[in-house]
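Asks: Dropping a structure here in structure tokens format, bear with me for questions.
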There are 2 protein chains.
Amino acid sequence: MNETQSEAAPQKATVTQRAIERIKAMIAEGRLEPGQRLPTERDLAAQLGMSRSSMREAIRALTVLGVLEARHGSGIYVTQLEAGDLLETFGVVADLSRGPRLVELLEVRRILESTATALAAARITEDQLAEVEKHLTAMNGTDDPEEIIAHDLAFHREIAAAAGNETMAAILEGLSSRTFRARVWRGYQEEGAFARTRREHAAIHRALLAHDPEAARAAAAAHVGEVEQWLRTQLSE
Amino acid sequence: MNETQSEAAPQKATVTQRAIERIKAMIAEGRLEPGQRLPTERDLAAQLGMSRSSMREAIRALTVLGVLEARHGSGIYVTQLEAGDLLETFGVVADLSRGPRLVELLEVRRILESTATALAAARITEDQLAEVEKHLTAMNGTDDPEEIIAHDLAFHREIAAAAGNETMAAILEGLSSRTFRARVWRGYQEEGAFARTRREHAAIHRALLAHDPEAARAAAAAHVGEVEQWLRTQLSE
DNA sequence: TGGACGTAGTGGTCCGACCACCTGGCTGGT
DNA sequence: ACCAGCCAGGTGGTCGGACCACTACGTCCA
């Protein structure tokens, strides 16, 4: 339709790449709202003058990025574009990182997690606090490593949610993806670090209960910092 | 080849999704090293028992995620899997976010940027400091908004690099993507905020020069916080 | 010896067909 | 008049094949 004001470099090498940019632009400009349904693959391909195959690759890419959602038999829709949708790919980074980068990721997590926990201490409600405690006791009441990790994840997730910044919570979620944590914890727990983890979690909970942001920040930073230091020494061997 | 130990839930709905998981797994398990070349699309499709079309969609998705790199006429290669490669998609989040989420993103940036600047104050070398100063003076010596934004970006990028955490630098890079910053600054600068920005940048530079982490942290937090507050009031209207 | 050429092989694009699934309307009964 | 069930059209998902654009590398000629 409006091919008038084409950008400086519209020829993004491949046809598919161009399609990705075009669709992204439509969303950025507000021509496509969250939740809205797109034309069919066949129509979209025709509109941009390309084959359905190339258009499908573009759609698939945007689907993986969490921008679009394809429902078999129904159509293609724009996601709600919430932090969780778009930052899901963040988990891929954690899963594929190793060595020194794992330490860097933990460093980022330490910074964000300590701040999030501090914010949570100031803002957390009674209901949210109860939820946190639920996972805390559940974590201490089992020996199954899988279950412990699951409750540990939920423990920190509830805290991040209570901080009131969905974007931050989504990033932390990615930095704590299941496979990422499982890899690190395998060795960490072998050194009898479980008792220490319990103490650290208790300290965090205490700070939340007292609505003490500074104590919460310190406790969370120490908690993540412990794992970080352990991993650092592991790598230097 | 080894179809023996198939995972618990290998049927990820679509064939393409399965291919994505398989390739990701190969990399995570170390069967594919960074920089290594993959089999051809045709061979890969045959190995996983699917059509080339479906395999291409999987490859395209991983390409967009920064995990793979396709070179026309040559082959498909695993990227170096560095922070910059994988976190490039982070910019998409910033570009497609608006309203309250923009404030959340700035909040995350404030937290990370202040810490990064503090780290930089402690670690920055003479050469890096000279580079920072170069962009600082260049920024103050022009009236072209485009150029100002470019040097502002470079200013913060150099600082993030001096902090010594590539992952953090890559995230901050995404949080400061060109389009993101351009959108916010358009209105911000109209209110004569340029003089204030200059002062804040000077304060950051002074802290770096003095190798004073705490001063650097405060200056950076205030700098980002100003924009954050401005955006917050904009939204409440 | 070295550069130009050519060729085999790779990713990029397109097409057409068919399958799997969802949706909404129609049909038939109550 | 109502509702349950069926059914057909439309949609995304998959497939196979063909051709193009480009690269890499070996070959041949000057």
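Asks: Once label points are set 7 Å from the Cα along Cα→Cβ at both A:Thr125 and A:Asn140, what is their separation, rounded to one decimal in nm?
Replies: 2.6
Asks: Oh, and also: Among A:Phe90, A:Ile159, A:His205, whose Cα lies farthest out toward the positive end of the dipole of chain A, if unit charges sit on the beta carbon of Lys, Arg (+1) and Asp, Glu (-1)?
Replies: The residue sitting most towards the positive pole is A:Phe90.
Asks: Continuing with the same structure: Extending each Cα 7 Å along its Cβ direction at B:Arg37 and A:Ala28, get the distance between those two points in nm, one decimal.
Replies: 3.5
Asks: About the Cα centre of chain B, what is the dipole size in debye to 20, counting +1 per Lys and Arg Cβ and -1 per Asp and Glu Cβ, all else neutral?
Replies: 740
Asks: Could I ask something else about it? Using the Cα centre of the stretch A:99-159 as the reference point, and only Cβ charges (+1 on K/R, -1 on D/E), how large is the resulting charge dipole? Debye, rounded to the nearest 20.
Replies: 380
Asks: If I fit a long axis through the Cα atoms of helix B:213-235 and take the longest principal axis of the Cα atoms of chain B, what angle between them do I get, 0 to 90°, rounded to 10?
Replies: In chain B, helix B:213-235 runs at an angle near 80 degrees to the longest axis.
Asks: Further question on the same structure: How much of the accessible area of chain B, probe 1.4 Å, is carbon plus sulfur, in whole percent?
Replies: Roughly 50 percent of what the probe reaches on chain B is carbon or sulfur.
Asks: A further question on this structure: Considering the dipole of the stretch B:15-81 built from charges on the beta carbon (Lys and Arg +1, Asp and Glu -1) around the Cα centre, which of B:Ser54, B:Ser74, B:Gly30 is farthest to its positive end?
Replies: The residue sitting farthest along the positive end of the dipole is B:Ser54.
Asks: Taking the simple approach of a point 7 Å from Cα along Cα-to-Cβ for both B:Arg52 and A:Thr14, what is their distance in nm?
Replies: 1.4
Asks: Net charge near A:Ala203: determine it from the other residues with C-beta under 13 Å of the C-beta of A:Ala203, scoring Lys and Arg +1 and Asp and Glu -1.
Replies: Once positives and negatives cancel, what remains is +1.
Asks: Eigenvalues of the Cα gyration tensor times 5, then square-rooted: what semi-axes does that give for the stretch B:15-81, in whole angstrom, largest first?
Replies: After scaling each eigenvalue by five and taking roots: 16, 13, 11 Å.
Asks: Hey, another quick one. Could you check which residue among A:Arg206, A:Arg186, A:Arg198 shows the biggest mean-square fluctuation in a GNM of chain A with a 10 Å Cα cutoff?
Replies: Result: A:Arg186 has the largest fluctuation of those listed.
Asks: So, one more: For chain A, set up a Gaussian network in which alpha carbons nearer than 10 Å are linked by springs, and say which option among A:Ser176, A:Ser74, A:Ser54 fluctuates the most.
Replies: Among A:Ser176, A:Ser74, A:Ser54, the largest mean-square fluctuation in the Gaussian network model of chain A belongs to A:Ser74.
Asks: Where does helix A:194-209 land angle-wise versus the long Cα axis of chain A, in degrees 0 to 90, nearest 10?
Replies: The angle comes out near 80 degrees.
Asks: Share of Cα-Cα pairs in chain A beyond 28 Å, in percent?
Replies: Of the Cα pairs, 46 percent sit more than 28 Å apart.
Asks: Continuing with this model, one more query. If you line up the long axis of helix A:15-28 against the longest principal axis of chain A, both from Cα atoms, how many degrees apart are they, to the nearest 10?
Replies: Between the helix axis and the principal axis of chain A, the angle is about 70 degrees.
The values are calculated or read from the model by the stated rules, or taken from the named source; none is laboratory data. Since the model is a prediction, treat every value here as computed from it, not as a measurement. In this analysis, Cβ positions are derived from the backbone assuming ideal geometry, glycine residues included, and neighbour counts consider all displayed protein chains. Note: areas computed on protein heavy atoms with side chains; ligands, DNA, RNA excluded. Shrake-Rupley method; radii C 1.70, N 1.55, O 1.52, S 1.80 Å.
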